[in-house]
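The values are calculated or read from the model by the stated rules, or taken from the named source; none is laboratory data. Only a predicted model underlies this, so the values are computations on that prediction, with no experimental measurement involved. Cβ coordinates were reconstructed from backbone atoms using ideal geometry, including for glycine residues, and neighbour counts include every protein chain displayed.
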Amino acid sequence: MGMDLTVFMVNWGQLSAIPVESRIGRLEDMAWPGEFGDVHDGGDVQAHGWLWPPGQAPAWCAAYSFLTTTGAHMPHVRAGAAWADIRPLVGAPVREVMDSFLGGLIWDADQVDAPAAADGGVFPPVADRWHPHVLLVCLPEAVAGKARAWERVEPCLEELSGPFAVECEGWAGRPDTFEGFVALLREWGGVVTEAARRGWGLVGLP
C-alpha cells in the first residue's frame, strides 16, 4: 500500500504550547479520535473539505480532505514531478510565482523521492529518512506568502497546458490529465488561502 497524506491547518500558538514530543500524537488524535475514528467520516463537522474535530471550542486545527486524491500521497508527488518537468518551458514570471506557491508543499528545488520536512524543531527529529514523521511543515508566515502567490498563479494556470502536453501527457508517474493536475493545484490554493485567512500554519502527516 502507498503512503497517505493528511494535511492539517493549525493554530501555531496552540501547537507551540504542546510539548514537541507530543505534537504529532495530538494531531493524530484530532484526525482519528477513536479506535475506529476516520478523518473522512466528516458528518456535521465537515465544511468545504475541512474536517473539524467534534467538541473542540474553539477548534485549533482542522484536516483537509482532498477530493482529487482520496487521501493518497502519490498524486501530490506526481504533481510535484510534473511541475519539475514543465517549469523550464514556462516563462520566468509564472515560473517564479509557481515556485513560491508549490515549494515546500508538493515540490522542492532539490526534491528527492520522499523528502522529510525541514521544520526548524517544530516536531521531533526524524530517526529514519525513509519513514518521516511529517511530510510537510509550513509556518504561518510562509502560508501567507503562498496565499499571495496563489492569487497571482490562478489566472495563469492555462499557460501551463502546452508545457504539460509536451512533458507530462501520457507519462507514467505524472498526473493522468492536465485537468487533474490543475484540480489538485486549485485544492492546494484553497488550502493555503483558508489557512492564511486564519493566520495558521500547515502540517502534513503520513
Single match in ALA147, ALA172, ALA183 (criterion: of a type outside the set (Ser, Thr, Tyr) and either loosely packed, with under 15 Cβ neighbours inside 10 Å or at positive phi (or both)):
ALA172
If I go through region 13-31 residue by residue, how many of them are hydrophobic (A, V, I, L, M, F, W, C) and under 14 Å from ALA62 (Cβ atoms)?
4
Which of the residues belonging to region 48-69 are modelled with pLDDT under 75 and either under 21 Å from PRO140 (Cβ atoms) or touching a strand residue (DSSP E or B) at 6+ places or on another chain (Cβ under 6 Å) (or both)?
HIS48, GLN56
Result of the Cβ filter at 7 Å on region 170-197, keeping first residues that are closer than 17 Å to ALA84 by Cβ and small (Gly, Ala, Ser) and partners that are crowded, with 17+ Cβ neighbours inside 10 Å and at pLDDT 95 or above, at least 6 apart or interchain, is GLY173/ARG78; GLY173/ALA81
Looking at ASP85, is it modelled with pLDDT under 90, out of contact with any His (no Cβ under 7 Å at 6 or more places or on another chain) and either among the acidic types (Asp, Glu) or part of a strand (DSSP E or B) (or both)?
no
Just checking, how many residues over region 61-77 are assigned to a loop (DSSP other than H, G, I, E, B), hydrophobic (A, V, I, L, M, F, W, C) and crowded, with 19+ Cβ neighbours inside 10 Å?
1
Give me the helices (runs of 4 or more DSSP H) completely within region 91-177, filtered to those with at least 2 residues that are modelled with pLDDT of 95 or more and over 17 Å from ARG78 (Cα atoms), ordered by residue number.
92-102, 140-153
